[in-house]
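Encoded as structure tokens, the structure appears first; notes follow it.
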Amino acid sequence: MSEYQYVVFRAIDRPLDDKQLAFAEKQSSRSELSRWEMSVEYHYSSFRGDVDGLLRRGFDLHLAYTNYGDREIRLRLPSGLPFPQSTITPFLTCGSFEWEQDAKGIGGILSVAPFHESGDIEEVWNFDDYLDSLAKVREQLIVGDLRALYILWLCAAYDDNEDPEETIEPPVPHGLDNLPALSTSLLPFFGLDPLILKAAAKGVPGFDSNANGEDPIQDWSQSIPEARSRGLLQRFLKEDPVSVKAELLAEIRASGSVVDWPTTVRGRTLDELLDATVELREEANRIQEQKQQAKAKREAAKAEKERLARMEKMKAAPKTWLAEAEKTVNARGTANYKAAADILADLREAVGGEKGNQLARDCATKLAKAHPTLNMLKSSLRKRGLFE
């Protein structure tokens, strides 16, 4: 199998301006580029452009994939990580999980790039789906949802360079059992079963950020002068509303009016989480198999009921169904040949006795003689005992 690499960047907050687009054009002569996205595929080569430069010049997301094990994501957060440093530190214990703050300002780039040997995790191809999931994770981070940081920690911790028996999870954010499905679908990109979040949520309370009845955004908005409110409204209408929102949320958090996301320290190893996930997957598969068996049983019972009802009609008008068998064969196709054989077999049973057997066999012989080259037809008739 040849080497394959796919690299993609996506803008979320706003399209690239002319200057940003010109910079992106210089990074690769082979890319497909628009103001919203840049992507390029390689065989026996790799992307040598400025990844962080692109993220600091218009793009908000980056995803890189190779079929020999390397997978990486990066997120541009213009207003920084919205958590105290004491909260962030336990999550950034893996070498492949890094936060690089801009030289100026509070923004920065969050990256996840675990190492996997070639073939250790399954290949994936639905890159747009993973980008959509990454965009949702970024959105959660911007509004201060600590669960998104836990998802990224899992992706980074599942790394061939890390010992899962020694990798200890950070404090577990409450509410892991109620995450948006879109954000959890990032996990398979790094070879993880999304059920690992169910395993991680065991023994951890749920969480509703609005349960305490307080609304820090409303409290803050009522505290600012009317002149500033008008100015902010103009910014929302004239500038990029996503960036303005992120900036204001950062200001609200800095004011101390936002309560930290609650966590519980469980101290489990990644190995324990992976083992628990395997058990959950086995149970889920067992339940799914039971559902499929029950569904198959219902469908078989329904089909048998319909077959018996059809046989009552056959008994009343056998000639009609002999003609139906001929019509079905004339429609051609393996499925139709089998359907015609089924009709004759049911007719034989419906009429019963020697009469029914003779009617069905005579029609089968007639069909075989009329279509001497249709071997699949003859085979279907033989399987139902209608043709020698």
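Okay, here's what the table says:
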{"item": "Positions within segment 118-142 being part of a loop (DSSP other than H, G, I, E, B), open to solvent by less than 80 Å² (accessible area, probe 1.4 Å) and in contact (Cβ under 8 Å) with a residue 60 or more places away in the chain, in sequence order", "result": "ILE121, VAL124"}
{"item": "Residues satisfying the stated conditions in segment 154-169, i.e. under 20 Å from LEU134 (Cβ atoms), open to solvent by less than 40 Å² (accessible area, probe 1.4 Å) and either assigned to a loop (DSSP other than H, G, I, E, B) or of a type in the set (Phe, Trp, Tyr) (or both)", "result": "ASP159"}
{"item": "Residues of segment 272-330 satisfying the condition of being among the β-branched types (Val, Ile, Thr), closer than 21 Å to LEU367 by Cβ and without any contact (Cβ under 8 Å) to a residue 24 or more places away in the chain", "result": "THR320, THR328"}
{"item": "Residue in segment 44-59 that is touching a Gly at 6+ places or on another chain (Cβ under 7 Å) and either part of a helix (DSSP H, G or I) or within 16 Å of ILE12 (Cα to Cα) (or both) present", "result": "no"}
{"item": "First in segment 354-381 and surrounded by fewer than 17 Cβ atoms within 10 Å (Cβ to Cβ) and in a helix (DSSP H, G or I), second anywhere and hydroxyl-bearing (Ser, Thr, Tyr) and modelled with pLDDT of 90 or more, Cβ under 9 Å, 6 or more apart", "result": "MET376/THR334; MET376/TYR337; SER379/TYR337"}
{"item": "Residue in segment 80-88 that is open to solvent by 70 Å² or more (accessible area, probe 1.4 Å) and farther than 22 Å from PRO173 by Cα present", "result": "no"}
{"item": "Candidate set from segment 6-34 (those that are closer than 16 Å to LEU131 by Cβ and either basic (Lys, Arg) or in contact (Cβ under 8 Å) with a residue 60 or more places away in the chain (or both)); member that is least open to solvent (accessible area, probe 1.4 Å)", "result": "VAL8"}
{"item": "Residue count, segment 354-375 (criterion: out of contact with any Lys or Arg (no Cβ under 6 Å at 6 or more places or on another chain) and over 14 Å from LYS319 (Cβ atoms))", "result": "12"}
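The values are calculated or read from the model by the stated rules, or taken from the named source; none is laboratory data. In this text, all values refer to a predicted model and were calculated from it rather than measured experimentally. So basically every Cβ, Gly included, is an ideal-geometry build from the backbone, and we count neighbours across all protein chains shown. Ligands, DNA and RNA are stripped out before the accessible areas are found, and what is left, the full protein with its side chains, is counted by its heavy atoms. Shrake-Rupley method; radii C 1.70, N 1.55, O 1.52, S 1.80 Å.
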